[in-house]
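Notes follow once the structure below has been shown.
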Amino acid sequence: MSSTSIIIMATIVAYLVIVIIVGIRFSKSSSSDEFYLGGRKLGPLVTAMSAEASDMSSWLLMGLPGVAYAAGLCDPLWTAIGLAAGTYLNWLFIAKRLRIYSSQINEFTVPGFFSKRFGDDKNIIRLIAAVVIVVFFIPYTASGFSACGKLFGTLFNMDYHTAMIVSAVVIILYTTLGGFLAASTTDFIQSIVMSIALVVVLGFGVYKAGGMGNVIDNANSLAGYLSVTATHTAEGASNYGVLTTISTMSWGLGYFGMPHILLRFMAIEDHHKLKISRRIASIWVVIAMGAAILIGIVGSAMTKAGALEQLPDGETIIVDIAKNISSHGALFAIIAGVILAGILASTMSTADSQLLAASSSLSEDILKNTFNIRLSDKAGIILARATLLVIGIIGVFIAWDPASSVFGIVSFAWAGFGAAFAPVMIFGMFWRRTNKWGVLAGMISGGAMVFIWEYVIGPTSEYLGKIYELAPAFAVACIFIVVVSLITGEPSKEVTDEFDSFKKVLASGK
């Protein structure tokens, strides 16, 4: 191994040691509430940045620049606009309401909130929601383990399985030790590392491309590269279309149903500070996605200038630029290590949050509440850590095959959560008349439509196949919630009184 590779690896190892220390620092949880929601003690800055870091994952530093590098501005731009809008609206309309309401009914998991909000005494809603989380998040977590393994394997010529296991052990270790507070604090650190990576790579890339003038000239020379209505292909510009644009922007709908993001809203220490969090999160998301897209465009100019080889897979562009940076000496190798740690951080920040969400659903919502298992606080912590460890081990087994298509679950899981949970969350916050039967119908129909659209409707129609399954599934869930709620009678007085109490607190501003 060369001296440059040793310096890069040492930098990444130092970063991994830091996140483990954070896990040890927050290892003294006294109850499952504190383990899974941090006792609602998050500050506004950590709330904002941990929510966005856990959301973006390696997609920000690999997927988005890769699409821009290969196809130009159009596709990543509309995706970013949809996600930025979804981020802002989620913070604006859901965050404060969920923090107040979840605290009022004393719930610290998303399935538990749904169950109590709609008066489901038999915990059917809780069970279905928890199963959805476990089913989608375990392979989602596995994709994070796999990404880390492939990154280390590619960089240092390591065996994939060794690299994947080491990465998984670190993530499982600090999350098992420190729970939600450790995950949120490390996510905050990871957001800083991700930001540094974006800024340094962008600046270096523009310099190596010969300045922004060359970047713009190169983009203008490629048909459709800077268009907002067409994408660039080897054959020339390809029309993007209104339907495809709307479908791409529908990714933003998913935010209202993402458990690992919603938990951050529930965990802030003071709901009055959510306005600060909203501003920080929204600004960071716009800047980060804008920088990621620009890196892809700059990378194309670097290739033309001879600073980069033609990349068969544009998703590795930041990795390749980091390698280029590292060739300029020891200090630059450390900088490259920080950049590569940023890619690792983006993956870890999502995997740890998914581990916690899946673990809380299994231990709290399924074992303790659905099956009515009563435990002391100490026993509850042991169960929480044990289930998290088991889920982590299952994730390792799913990620064992380096050639597996586990990454395909990411967009599918996003659609699944968006369709099953987002309409329920929106109606639960704004419509007093929503009842548990409408919620059950919406959750089941929305989740089912994701599968139906993906495997039945989409493949049979070239036109409909262009539509991301989240959009039609979200619409179907909303229709079922309204119709079934109206034909099955009003919610119980206890449920409506609780809703009225929530609205009073919200209106009072206290």
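The values are calculated or read from the model by the stated rules, or taken from the named source; none is laboratory data. Note that the coordinates shown come from a computational prediction; the quantities given were computed from them, not determined experimentally. Virtual Cβ from ideal backbone geometry, glycine too; neighbours counted across all protein chains shown.
How many residues does segment 109-139 contain that are more than 19 Å from the chain's Cα centre (by Cα), outside any helix (DSSP H, G or I) and in contact (Cβ under 8 Å) with a residue 40 or more places away in the chain?
So the first thing to find is which residues in segment 109-139 are more than 19 Å from the chain's Cα centre (by Cα), and the list is 112-128.
Keeping just the survivors that are outside any helix (DSSP H, G or I) gives 118-123.
Checking which are in contact (Cβ under 8 Å) with a residue 40 or more places away in the chain leaves us with 118-120, 123.
Within segment 109-139, residues that are more than 19 Å from the chain's Cα centre (by Cα), outside any helix (DSSP H, G or I) and in contact (Cβ under 8 Å) with a residue 40 or more places away in the chain number 4.
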Selection from segment 453-467 of residues touching a residue at least 60 places away in the same chain (Cβ under 8 Å) and either surrounded by 15 or more Cβ atoms within 10 Å (Cβ to Cβ) or part of a helix (DSSP H, G or I) (or both) yields Lys466, Ile467
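State whether one or more residues within segment 372-390 are among the small types (Gly, Ala, Ser) and modelled with pLDDT of 80 or more.
Within segment 372-390, the subset among the small types (Gly, Ala, Ser) is 376, 379-380, 384, 386.
Next, from what is left, pick out any that are modelled with pLDDT of 80 or more: 386.
Checked against the condition, which is being among the small types (Gly, Ala, Ser) and modelled with pLDDT of 80 or more, segment 372-390 yields at least one hit.
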Quick check on my filter: what residues within segment 11-54 are polar (S, T, N, Q), under 19 Å from the mean Cα position of the chain (by Cα) and farther than 11 Å from Ala183 by Cβ?
Thr47
Take the residues in segment 483-497 that are touching a helix residue (DSSP H, G or I) at 6+ places or on another chain (Cβ under 7 Å) and part of a helix (DSSP H, G or I); name whichever of them is farthest from Ile426 (Cα to Cα).
Val484
From the option list Ile339, Ile318, Ile295, Ile283, single residue qualifying as assigned to a helix (DSSP H, G or I), touching a helix residue (DSSP H, G or I) at 6+ places or on another chain (Cβ under 7 Å), within 18 Å of Ile196 (Cα to Cα) and modelled with pLDDT of 90 or more is Ile295
Cβ-Cβ under 6 Å, sequence separation 6+ or interchain: first residue in segment 353-381 and more than 26 Å from Ser50 (Cα to Cα), partner at pLDDT below 80 and part of a helix (DSSP H, G or I). Which pairs?
Ile373/Leu367
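Residues in segment 192-213: is at least one over 21 Å from Gly290 (Cβ atoms), in contact (Cβ under 8 Å) with a residue 12 or more places away in the chain and part of a helix (DSSP H, G or I)?
No; the residues of segment 192-213 include none that is over 21 Å from Gly290 (Cβ atoms), in contact (Cβ under 8 Å) with a residue 12 or more places away in the chain and part of a helix (DSSP H, G or I).
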Tell me yes or no: at least one residue of segment 146-162 is surrounded by 24 or more Cβ atoms within 10 Å (Cβ to Cβ), modelled with pLDDT of 85 or more and not hydrophobic (A, V, I, L, M, F, W, C).
no
Among the residues of segment 468-498, write down those that are among the hydrophobic types (A, V, I, L, M, F, W, C), farther than 30 Å from Gly241 by Cα and without any contact (Cβ under 8 Å) to a residue 40 or more places away in the chain.
Ile487
Scan (1) over 30 Å from Phe108 (Cβ atoms); (2) modelled with pLDDT of 90 or more; (3) not hydrophobic (A, V, I, L, M, F, W, C) for the single condition Gly254 breaks and write down its number.
(1)
